[in-house]
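Just below is one structure, and these are the notes that go with it.
The values are calculated or read from the model by the stated rules, or taken from the named source; none is laboratory data. What you see is a predicted model, and the numbers here were worked out from it, not measured in a lab. Note that each Cβ is placed from the backbone with ideal geometry, even for glycine, and that neighbours are counted across all protein chains shown.
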Ligand code: HEC
């Protein structure tokens, strides 16, 4: 290798190293994770200081209430209320209530204000835009039978007054969602559910299919290869008087 090539290589490496160093010096340090074993721990404290201010709080907003339908994605928000600061950051982790070291469901960032960070077998979602106090994202609950899910949220309100790491509004909250029943594919009901018919009489029981679209799908496809089929379309049982 010619000397000119070597010096170019050294120069490029130096530029790269400087970029990496400045990158870490001027942006926030590589993100803190939630504590795997003790998710209630405030892992921001130490680098950041501050206290919970009167009138301040942090909460996860659950638009469908404190229950989840297995596998059905929910759009959630992490929200900080602080009497003075207008900037902030959050860290949220979801764990199975019956095993808090286990991940519950999956988070998905829905915009550039939040990002999902792997933390061993745990997955945290964090703020990457600090110019707000509300962040929105998706959470897809675990499969049926997972039981209750605990959410552990850390919210830090930063900036003036104080600094980016000093005099912050420091808040923690936890919430528990209970498992609701899974949405059925379709259901059938009969009215009346049973019927006894006297000799010579007739009777009717109406079978209702919910949702109605299932009935249409079944009617449109009456052969055995169909995903859905209704056979026969109606049941008629009639005892005729005995011919004498
Ligand atoms: C290892 C130390 C360290 C940890 C742990 C840490 N931070 Fe920071 N954080 C910093 C430093 C240093 C800055 C300032 C970076 C700068 O000013 O460029 C900062 C900046 C921030 C900012 C931006 C402040 C502003 O107003 O621009 C927010 C918000 C923030 N951190 C939130 C958090 C939260 C929430 C946690 C915990 C989940 C956390 N940090 C954990 C060191 C840390």
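Results, tabulated for the structure shown:
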quantity: Unmet criterion (only one of (1) more than 14 Å from the ligand (Cβ to nearest atom); (2) over 12 Å from the mean Cα position of the chain (by Cα); (3) not in a strand (DSSP E or B)) for residue 84; calculated: (1)
quantity: Residues within region 91-100 that are touching a strand residue (DSSP E or B) at 6+ places or on another chain (Cβ under 6 Å) and not in a strand (DSSP E or B), tallied; calculated: 1
quantity: Every residue from region 101-133 that is part of a strand (DSSP E or B) and buried (at least 17 other Cβ atoms within 10 Å of the Cβ); calculated: 103, 107, 114, 117, 119, 122, 123, 124, 125, 126, 127
quantity: Qualifying residues in region 153-162 (those that are assigned to a loop (DSSP other than H, G, I, E, B) and more than 6 Å from the ligand (Cβ to nearest atom)) - the one surrounded by the most Cβ atoms within 10 Å (Cβ to Cβ); calculated: 162
quantity: Meets criteria (within 16 Å of the ligand (Cβ to nearest atom), surrounded by fewer than 16 Cβ atoms within 10 Å (Cβ to Cβ), under 15 Å from the mean Cα position of the chain (by Cα) and modelled with pLDDT of 95 or more) for residue 77; calculated: yes
quantity: Residue 139 being in the same structural domain as residue 64 (by TED's automatic domain parsing), out of contact with any helix residue (DSSP H, G or I) (no Cβ under 8 Å at 6 or more places or on another chain) and closer than 21 Å to residue 42 by Cβ; calculated: no
quantity: Selection status of residue 165, in a loop (DSSP other than H, G, I, E, B), free of Cβ contacts under 8 Å to residues at least 40 places away in the same chain and out of contact with any helix residue (DSSP H, G or I) (no Cβ under 8 Å at 6 or more places or on another chain); calculated: no
quantity: Residues of region 87-100 satisfying the condition of being surrounded by 16 or more Cβ atoms within 10 Å (Cβ to Cβ) and more than 14 Å from the ligand (Cβ to nearest atom); calculated: 94, 95, 96, 97, 100
quantity: Residue within region 46-63 that is free of Cβ contacts under 8 Å to residues at least 12 places away in the same chain, within 16 Å of the ligand (Cβ to nearest atom), closer than 19 Å to residue 155 by Cβ and out of contact with any strand residue (DSSP E or B) (no Cβ under 7 Å at 6 or more places or on another chain) present; calculated: yes
quantity: Boolean, residue 37 is loosely packed, with under 14 Cβ neighbours inside 10 Å and modelled with pLDDT of 95 or more; calculated: yes
quantity: Test: residue 150 is assigned by TED's automatic domain parsing to the domain that holds residue 97 and crowded, with 18+ Cβ neighbours inside 10 Å; calculated: yes
